[in-house]
Amino acid sequence: MPASPTATPEHIKDVNTRYHDAAAEEYDAKWGIDFGDIGQRQVRLKLVKALGGLDGRRFGDALEIGSGTGYFSLNLVQLGVIEHLTATDISPGMLRRLAATAATLDLDGITTVATEAEELPFADESFDLVFGHAVLHHIPDLDRAFAEFKRVLRPGGMIAFAGEPSRHGDRLAALPKRAGLLVAPAWRRLIGARRRAVPEAEQSGGHALEGEVDVHAFAPADLRKLLRDGGFEDRRVGGEELLSNAWGWGLRAVESSAEPESVSLRWRRFAFRSYIALQKVDTGLLEPRLPAELFYNLLVSGRKPAA
Ligand SMILES: C[S@@+](CC[C@H](N)C(=O)[O-])C[C@H]1O[C@@H](n2cnc3c(N)ncnc32)[C@H](O)[C@@H]1O
């Protein structure tokens with residue numbers, strides 16, 4: 001459910017800060033975020049799709065917007081795609097988790113800065129890449145944010161964002177979620193899992209705010225317009241994940257109905273492998289052939305013109 005159309009930008013940003021601060025500690029477990037080979041492979045694939053290829057490219061100074069606990073950026077640092085990372089987020093709680101994970105992974109060269117996307121506290125032309133995952137849909141004034149992304153980029157620098165909900169996908173996601181909840185009792189009996197005592201949505205203090213944090217779901221044309229109006233060239237907008245995402249939402253719905261430690265490893269392996277198999281069908285067969293608007297997630301990239 002999106003934020004109310006009458007919500008002010010200040011209210012939306014305040015709710016995002018409080019909701020994500022409250023969610024930070026459980027965020028990685030809730031979304032199955034991985035900082036090993038699996039996470040790195042997933043993130044690399046997203047960046048390749050957003051940019052239309054990577055070809056061994058490395059970015060010296062990279063700025064992440066809405067970095068959360070570091071799913072996108074810490075995996076890219078580990079892959080060597082990014083040398084110096086500045087991770088930003090409106091939620092200081094998320095950044096504290098990111099810094100803790102970076103320390104556990106023994107990663108150097110990482111700076112965290114709590115800031116909102118519409119007003120960045122960085123000098124003009126400071127970065128080679130401005131990027132993010134699942135963040136644009138939370139930002140009230142995207143024209144202003146894109147102007148900031150361009151200002152802080154060096155001439156010839158790139159922006160790349162992935163994981164943005166498409167309007168179509170957002171509506172479609174309700175179906176597998178509902179189906180998952182419907183079959184959850186039978187699924188728990190089948191695999192011998194225990195019913196969750198406290199519903200997942202109520203486990204973090206911020207659950208009451210969940211319906212107010214999203215501001216946009218995009219049509220590809222909305223993102224193309226942002227790039228064009230923002231003065232970016234080499235503009236790309238694509239879609240990803242159809243079958244895998246529908247299956248993934250269904251899996252999340254059934255799994256969230258059970259106590260996590262009562263879900264067997266065998267099931268988790270099956271769930272993961274089936275998701276990856278469907279992702280391969282999406283990537284190899286559907287994404288190159290179907291229009292972007294049909295997919296759950298949109299990816300976008302562009303280049304700041306060289307001086
Ligand atoms: C859905 S989470 C994604 C986090 C991370 N990128 C990931 O993929 O796991 C969205 C993140 O955007 C941040 N955020 C929300 N509104 C923001 C804004 N106006 N400026 C900067 N960050 C914002 C939230 O605090 C949260 O960490």
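Rule-based calculations on the coordinates, nothing more; no lab input. Just so we're clear, the structure is a prediction, and the values are computed from it rather than from any experiment. Here the Cβ is made from the backbone with ideal geometry for all residues, glycine too, and neighbour counts use every protein chain on show.
List of remarks:
- Of Gly60, Val183, Leu107, farthest towards positive along the dipole that unit charges on Lys, Arg, Asp, Glu beta carbons give the chain: Val183
- The chain: angle of helix 9-30 to the longest principal axis, Cα-based, in degrees nearest 10: 50 degrees
- Computed [θ] at 222 nm, deg cm²/dmol, the chain (DSSP H ≥ 4; -39,500 (n - 2.57); rounded to nearest 500): -14000 deg cm²/dmol
- Only lysine pairs 8 or more places apart or on separate chains count here, and in the chain those with Cα atoms under 19 Å apart total 7.
- Mean Cα-pair separation over length for the chain, i.e. relative contact order, pairs under 8 Å, 6 or more apart, %: 23 percent
- A full extension of the chain between Ile276 and Arg178 corresponds to an added length of 33.1 nm, given 0.36 nm per residue minus the alpha carbon distance.
- Peptides 214-224, 276-286 ranked from most to least packed by the mean count of surrounding Cβ atoms within 10 Å: 214-224, 276-286.
- For the peptides 169-179, 136-146, the ranking by packing is 136-146, 169-179, with the highest mean count of neighbouring Cβ atoms within 10 Å listed first.
- With Cα atoms, 0 to 90° folded angle of helix 174-191 axis to the chain main axis: 40 degrees
- Net charge of neighbours whose Cβ lies under 15 Å from the Cβ of Tyr296, counting Lys and Arg as +1 and Asp and Glu as -1: -2
- Estimated vicinal HN-Hα couplings, Hz - region 72-80 in sequence order (Karplus 6.51, -1.76, 1.60; Gly, Pro = x): 6, 6, 5, 5, 5, 5, 4, 6, x
- Angle between the chain longest axis and helix 265-281 axis [Cα atoms, degrees, rounded to 10]: 50 degrees
- Amide H to amide H, with H built 1.01 Å from N, Ser126 comes under 5 Å of Leu153, Arg154, counting only residues 5 or more places away or on other chains.
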